């Protein structure tokens with residue numbers, strides 16, 4: 001199989017409805033246009049037409065679809081809408097006083113829902129993000145350390161929802177991932193971490209678009225393998241094991257190093273895919 005990233009099945013069908021032939025779609029994929037989101041990187045219809053050889057009218061139609069009509073703002077990539085939705089409207093984006101988090105951490109620690117080895121790192125990251133909440137990387141790092149610290153609670157999610165303190169910390173991480181994506185929609189690692197966390201919470205439908213966005217990162221890289229692993233798992237749990245999922249699985253299986261965790265997961269997935 002080649003290493004060219006492909007449009008999802010539904011995107012390919014939409015492109016055909018917009019008037020593109022299979023050959024034109026393959027041509028787009030050959031130079032990196034492989035999802036609705038990537039069209040926004042082109043900028044406008046004229047550039048798309050010049051790059052692809054597709055006539056200007058078709059190019060206008062495609063750009064209008066890809067940006068949901070927001071052609072005057074081509075610099076903002078179109079990413080699935082969920083990234084701007086909060087899981088709980090009562091959890092706004094804000095950095096609370098450190099003492100608030102410390103209280104939740106101590107409660108979660110007493111309940112065995114937190115990895116205490118990461119508490120000191122959390123304090124360091126808190127100091128960094130508190131200096132500038134407009135720094136996307138620091139916002140992402142804050143969300144990420146919370147996810148890492150809260151793995152015991154996330155690992156046990158299927159056995160019941162965590163206690164209140166752990167839930168506050170997990171919801172906080174979700175809100176901060178979404179803020180990072182609002183600030184920079186193409187933040188691949190933020191998509192992967194959010195998609196992974198949502199999957200751990202059994203919120204598979206919400207997770208899939210974020211994991212799919214993570215698949216735009218370099219194929220076979222560690223980030224891509226993590227995204228593919230959770231993307232396949234989430235789709236299996238929603239009963240979707242066809243089309244794009246099968247293609248991702250084949251690539252995932254081929255790239256998994258023998259004896260690795262990913263190779264073990266590929267073996268587990270295979271009976272569900274075929």
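All of the numbers you see were taken from the coordinates with simple rules; none came from a lab. It should be emphasised that the depicted structure is a prediction, and the values quoted were computed from it without experimental measurement. Counting neighbours? That spans all protein chains shown, and the Cβs are built from the backbone with ideal geometry, glycine included.
Figures for the structure shown
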| item | result |
| --- | --- |
| Cα long-axis angle, helix 56-66 against the chain (0 to 90 degrees, to the nearest 10) | 20 degrees |
| Shape of the range 115-231, Cα gyration tensor, a/c cut at 1.5 | oblate |
| Length added when fully stretched, residue 250-residue 183, from 0.36 nm per residue minus Cα-Cα | 20.8 nm |
| Residue exposure sequence - 177, 204 - by fewest surrounding Cβ within 10 Å | 204, 177 |
| Order of 260, 173 under a 10 Å beta carbon neighbour criterion, fewest first | 260, 173 |
| The range 93-118 versus the range 132-187: alpha-carbon centroid distance in Å | 12 Å |
| Cα-based helix-to-principal-axis angle, 188-200 vs the chain, degrees rounded to 10 | 60 degrees |
| Mean ellipticity per residue at 222 nm, deg cm²/dmol - from DSSP H runs of n ≥ 4 across the chain, formula -39500 (n - 2.57) | -19000 deg cm²/dmol |
| Overall Cα dimensions of the chain, principal axis frame, Å, largest first | 62, 45, 27 |
| Angle between the chain longest axis and helix 222-237 axis [Cα atoms, degrees, rounded to 10] | 90 degrees |
| Residue order, fewest to most beta carbons within 10 Å, for 265, 247 | 247, 265 |
